[in-house]
Amino acid sequence: MKLTGLSQKVFLDRYSLKDLAGAAIEKSPEEMWRRVARGIAKQEKKNQQSKWEEKFYDVLKDFKFVPGGRILSGAGTDYKVTYFNCFVIPSPKDSRQGILESLNQLVEIQARSGGVGLNLSSLRPRGARVKTVNGFSSGPVTWAGLFSYATHDVVQQGGSRRGATMLMLWDWHPDVEEFITVKQDLTKIHGANLSVCISDAFMEAVKKDGDWDLVFPDIDDPRYDTKWNGEIEEWKAMGGKVRVFKTIKAKHLWDLICKAAWQSAEPGLHFLDRSNKRSNTYYFERLLATNPCGEQPLGGWAVCNLGAMNLAAYVKKEQFDYEAFGKDVQVAMRFFRQRHR
């Protein structure tokens with residue numbers, strides 16, 4: 001298959017295997033497909049590897065099956081990179097050590113070519129007391145700048161792209177107004193996407209033109225340091241004390257989001273409450289945030305296992321080849337199962 005123009009540039013920049021100087025070793029998709037097929041087939045039993053290499057190659061050929069980009073760039077190489085495109089990491093513990101631990105996790109994942117999403121609602125609001133040092137918190141928006149800087153200016157993934165990060169904040173957080181408007185200053189948080197997590201209760205308040213409380217756990221509650229994880233309803237359910245910082249009209253917050261999205265294209269919205277209610281993993285995890293592009297809500301330490309079947313490749317003489325498609329889907333699923341090992 002001969003690529004030209006932009007398609008050739010993207011292939012050489014992002015997916016072709018590079019030498020130590022960064023020059024492309026692979027010049028065609030066929031070479032990439034062979035490398036990937038061989039790399040994934042190495043997880044099969046020794047006497048089955050050649051058979052499955054050919055099966056994997058056949059389903060990859062002509063872009064019938066298109067795995068996520070991290071698989072295409074990493075499989076079959078000796079580089080210590082991830083095959084998962086994106087991760088959601090747990091919300092930071094509300095301490096300097098906890099925030100820096102999350103930052104370390106983000107940097108390590110992104111250095112291996114993964115994107116990261118995380119929810120900053122666990123961090124106390126700007127101006128809240130920090131008793132251990134007799135000081136005051138700078139708030140989650142300031143800390144967001146640190147994650148943004150690491151993503152945009154520190155991490156370079158294979159020299160071809162920067163990292164990717166999604167930072168999220170719940171609609172009840174006292175600093176949500178600052179979070180919504182921060183990107184109207186183009187010097188701030190230019191290395192991460194931002195989204196507000198929207199609850200069903202907030203949307204009901206918008207519809208009824210009701211009041212909306214901006215709240216945070218009482219940090220003097222003796223359970224705060226050990227039990228607070230960023231989930232306000234969970235905190236309330238266990239009898240945790242809550243402090244109301246401000247009461248506003250829900251429509252004010254909604255209008256602020258809409259205006260900011262028009263002026264600066266952000267923040268985005270994710271109806272995370274609704275996602276959790278409809279989640280098919282509800283019985284073992286709470287969805288915390290989304291991946292950097294916002295299409296997949298995930299729990300802590302969950303990942304995006306990406307791959308697509310190219311339906312157009314199965315249309316022959318205006319007929320869809322269901323038989324070939326069914327067989328190839330089975331091979332693609334085995335491919336995914338083996339790459340997880």
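Any chance you could give the angle, 0 to 90 degrees and rounded to 10, that helix 250-264 forms with the longest Cα principal axis of the chain? Tilt of helix 250-264: around 50 degrees. Working note: Cα gyration tensor of segment 165-289, eigenvalues times five, square-rooted, sorted largest first, giving semi-axes of 24, 17, 16 Å.
Which whole-number percent gives the relative contact order of the chain, counting Cα pairs below 8 Å spaced six or more residues apart? Kindly include the intermediate steps, with their values, before the conclusion.
Values: 597 pairs, mean separation 65.6, N = 341.
Value for the chain: 19 percent.
Working ranking of peptides 165-175, 3-13, 53-63 by packing, defined as the average number of other Cβ atoms within 10 Å per residue, highest first, is 165-175, 53-63, 3-13. Taking only the alpha carbons of segment 253-332, we obtain Rg and Dmax values of 18.9, 54 Å in that order. Packing around the peptides 136-145, 224-233, 287-296, 256-265, taken as the average count of other Cβ atoms within 10 Å per residue, puts them in this order, highest first: 287-296, 136-145, 224-233, 256-265.
Tally the DSSP beta bridges in segment 86-303 and give the antiparallel ones as a percent, rounded to 5.
So the antiparallel bridges in segment 86-303 amount to around 50 percent.
For the chain, the Cys residues with no second cysteine's beta carbon closer than 4.7 Å are C197, C258, C293. Say the dipole of segment 20-113 comes from +1 at the beta carbon of Lys and Arg and -1 at that of Asp and Glu; which of S91, S50, A37 then lies farthest toward its positive end? Working it through, the farthest residue towards the positive pole turns out to be S50. The alpha-carbon positions of segment 228-267 define a convex hull whose volume is 102 Å³ per residue.
With q set to 0.07, 0.08, 0.11 Å⁻¹, the log10 of I(q)/I(0) for the chain, from the Debye formula over equal scatterers at the Cα positions, is -0.37, -0.47, -0.82.
Take the Cβ-Cβ distance between K9 and S50 as r, set R0 to 30 Å, and report the resulting FRET efficiency rounded to the nearest 0.05. Working shown, then result.
Numbers: r = 34 Å, r/R0 = 1.12.
With R0 = 30 Å, the Cβ-Cβ based efficiency is 0.35.
Every read-out reported here was derived from the displayed coordinates using simple, explicitly stated rules and does not represent laboratory data. Since the model is a prediction, treat every value here as computed from it, not as a measurement. Virtual Cβ from ideal backbone geometry, glycine too; neighbours counted across all protein chains shown.
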